[in-house]
């Protein structure tokens, strides 16, 4: 037997056995490691699954609160633009800070960090909020990028950020009473912002269809250039005459569009902390006032249109009127018989009251209702009030209301009616939305005849030339207007020292395009006005300054030919 062959064979067998054994050992070790890895992965997934289950069942409010908040904050609003396409209101993205109290490890540390970034947050309020049992709570809405970064760098567990749309008003205070404002959830609560919500945006938000920032913009009738000039002149003259408030409007007499409207004091809708103060009231739409002698414009139109009075008539103004213990005097009494034009340019209370009595109290009341001065005026702005007038309309009521006492109206109402008196007699409801002449067909109504309108243009121009409105004159613009100096009621009595002055104007009077109405509340007499504080020395020149600035903007260029005074139809 070959032993060498056996040795080789045995050696080979042993080597093979050793190799297979080693492979078996390695294979078993590998399988063990694989099983261990699988176990680790299973454990990890189990922990993750458990965590998801915990979040899903143990704290549903966290997800739902955060999701609900984000849904609300994603709601977008359409831009608001002026008649020329300039942006007046738009959305910008900003961050808000929230907390999940159950994740706050060290409340004191969180309070110190947050109050360091937001000094306006009270520590006691914040500590109570962070120690609450809720799963989601707001800490600060609409923070700046710098504040967000500071909170982020503080690295406090349990604090997070949600991004939302914030309303931004590039012009600040300039058109605040028109635009209104939104609340912290970007919902309109005043002005045109509320109108937009009430017109269907809030429904879109509720149903989730207002998420896009590409919504069609809302175009207003306002010209931001005119708006700025109007507000600037009101502010200057409010300070000059030391008035406590001022307001004004520029109205297109052909379309009823509000081109500009301001009320001072106002507020910044970007920081509306003062918006709710009583003196921030929108005096043009939400306030109602006795307008004083500017109301004689309405009475004069009524008398002429009734056919009971002609422009060639005269009335005896030599003696005061005494009715039921009341005495009606003239401020600058002429103590003579006055013609109808003289009654207007001298602002005779006696003559105006007698004209109204000739028309009759029932016809007087009917005419005021026809001219929309006894009902609440509806515009896009939600801020409005109803006029007030005597429940029992007597002859004395007709007499006092004829010259602007005993009836309160919103100034925008008076401006809209005045527009009809100079535009050939057609009333057009005022609007804050852009529209043209073609869109008002069927929405106009005749208030007075074309002849009456011509007579009113004549009288208004005459008053600016020779009467109390002389300081409203602007070369080349043919301004016409009427002053009003109304004593304010204090403790149930009229106060001689507290006046609410106004000037109602239109231009150019040969073919009026715009009505301008200005109010100054409690202006003071100055050295240059010889101590007088009546409308002729403050409200009238304020209107003149406004027309001088806005005329060229509106495309009404001055004409320097011979001064224009409208003629009156022979029938008057």
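Suppose we filter region 131-158 for residues that are under 15 Å from residue 116 (Cα atoms) and in contact with a helix residue (DSSP H, G or I) (Cβ under 8 Å, 6 or more places away or on another chain); how many remain? Talk me through it step by step, then tell me what you get.
First pass over region 131-158, keeping only residues under 15 Å from residue 116 (Cα atoms): 139-140, 143-144, 146-156.
Still in the running and in contact with a helix residue (DSSP H, G or I) (Cβ under 8 Å, 6 or more places away or on another chain): 139-140, 143, 147, 150-151, 154, 156.
Looking only at that region, the number is 8.
Say whether the condition of being surrounded by 21 or more Cβ atoms within 10 Å (Cβ to Cβ), within 29 Å of residue 416 (Cβ to Cβ) and out of contact with any strand residue (DSSP E or B) (no Cβ under 6 Å at 6 or more places or on another chain) is met by at least one residue in region 269-283. Reasoning before the result, please.
First, the residues of region 269-283 that are surrounded by 21 or more Cβ atoms within 10 Å (Cβ to Cβ): 269, 282-283.
Subset that is within 29 Å of residue 416 (Cβ to Cβ): 269, 282-283.
Subset that is out of contact with any strand residue (DSSP E or B) (no Cβ under 6 Å at 6 or more places or on another chain): none.
Taking every residue of region 269-283 in turn, none turns out to be surrounded by 21 or more Cβ atoms within 10 Å (Cβ to Cβ), within 29 Å of residue 416 (Cβ to Cβ) and out of contact with any strand residue (DSSP E or B) (no Cβ under 6 Å at 6 or more places or on another chain).
Answer yes or no as to whether residue 349 is in contact (Cβ under 8 Å) with a residue 12 or more places away in the chain, over 16 Å from residue 295 (Cβ atoms), within 40 Å of the chain's Cα centre (by Cα) and assigned by TED's automatic domain parsing to the domain that holds residue 302.
Values: in contact (Cβ under 8 Å) with a residue 12 or more places away in the chain: yes; over 16 Å from residue 295 (Cβ atoms): no; within 40 Å of the chain's Cα centre (by Cα): yes; assigned by TED's automatic domain parsing to the domain that holds residue 302: yes.
Considered against the rule, which asks whether it is in contact (Cβ under 8 Å) with a residue 12 or more places away in the chain, over 16 Å from residue 295 (Cβ atoms), within 40 Å of the chain's Cα centre (by Cα) and assigned by TED's automatic domain parsing to the domain that holds residue 302, residue 349 comes out as no.
For region 465-475, what are the residues that are under 32 Å from the mean Cα position of the chain (by Cα) and either in a helix (DSSP H, G or I) or surrounded by 24 or more Cβ atoms within 10 Å (Cβ to Cβ) (or both)? Break it down stepwise before answering.
So the first thing to find is which residues in region 465-475 are under 32 Å from the mean Cα position of the chain (by Cα), and the list is 469, 471-474.
Residues satisfying the conditions are 469, 471, 472.
Restricting to region 530-549, name every residue that is in contact (Cβ under 8 Å) with a residue 12 or more places away in the chain and part of a loop (DSSP other than H, G, I, E, B). So that I can check it myself, show each step before the final result.
From region 530-549, those in contact (Cβ under 8 Å) with a residue 12 or more places away in the chain are 533-549; that's our starting set.
Residues satisfying the conditions are 533, 534, 538.
Here are 503, 478: which of them is surrounded by 24 or more Cβ atoms within 10 Å (Cβ to Cβ), part of a loop (DSSP other than H, G, I, E, B), in contact with a strand residue (DSSP E or B) (Cβ under 8 Å, 6 or more places away or on another chain) and in the same structural domain as residue 347 (by TED's automatic domain parsing)? Lay out the reasoning, then the answer.
Working: 503 fails: part of a loop (DSSP other than H, G, I, E, B).
Testing whether each residue is surrounded by 24 or more Cβ atoms within 10 Å (Cβ to Cβ), part of a loop (DSSP other than H, G, I, E, B), in contact with a strand residue (DSSP E or B) (Cβ under 8 Å, 6 or more places away or on another chain) and in the same structural domain as residue 347 (by TED's automatic domain parsing) leaves just 478.
So, residue 440, is that one crowded, with 20+ Cβ neighbours inside 10 Å, touching a strand residue (DSSP E or B) at 6+ places or on another chain (Cβ under 9 Å) and in the same structural domain as residue 288 (by TED's automatic domain parsing) or not? Even if it seems obvious, please write down each step before you answer.
Details: crowded, with 20+ Cβ neighbours inside 10 Å: no; touching a strand residue (DSSP E or B) at 6+ places or on another chain (Cβ under 9 Å): yes; in the same structural domain as residue 288 (by TED's automatic domain parsing): yes.
Here the answer is no, as residue 440 does not meet what is asked.
From the residues in region 62-118 that are out of contact with any strand residue (DSSP E or B) (no Cβ under 9 Å at 6 or more places or on another chain) and at pLDDT below 85, which one is farthest from residue 132 (Cα to Cα)?
For region 62-118, the residue satisfying everything is 71.
Scan region 532-554 and give yes if some residue there is at pLDDT below 95, over 21 Å from residue 515 (Cβ atoms) and outside the structural domain of residue 459 (by TED's automatic domain parsing), otherwise no.
No - not one qualifying residue is present in region 532-554.
Can you go through 397, 388, 402, 348 and tell me which one is at negative phi and surrounded by fewer than 18 Cβ atoms within 10 Å (Cβ to Cβ)?
On the way: 397 fails: surrounded by fewer than 18 Cβ atoms within 10 Å (Cβ to Cβ); 402 fails: surrounded by fewer than 18 Cβ atoms within 10 Å (Cβ to Cβ); 348 fails: surrounded by fewer than 18 Cβ atoms within 10 Å (Cβ to Cβ).
Sole residue among the options that is at negative phi and surrounded by fewer than 18 Cβ atoms within 10 Å (Cβ to Cβ): 388.
How many residues are more than 18 Å from residue 178 (Cβ to Cβ), assigned to a loop (DSSP other than H, G, I, E, B) and in contact with a helix residue (DSSP H, G or I) (Cβ under 7 Å, 6 or more places away or on another chain) when one looks only at region 269-297?
The number of residues fulfilling the criteria is 1.
The values are calculated or read from the model by the stated rules, or taken from the named source; none is laboratory data. Treat the numbers as computed from the prediction; the structure is a model and nothing was measured. Positions of Cβ are backbone-derived with ideal geometry, glycine not excepted, and every protein chain shown enters the neighbour counts.
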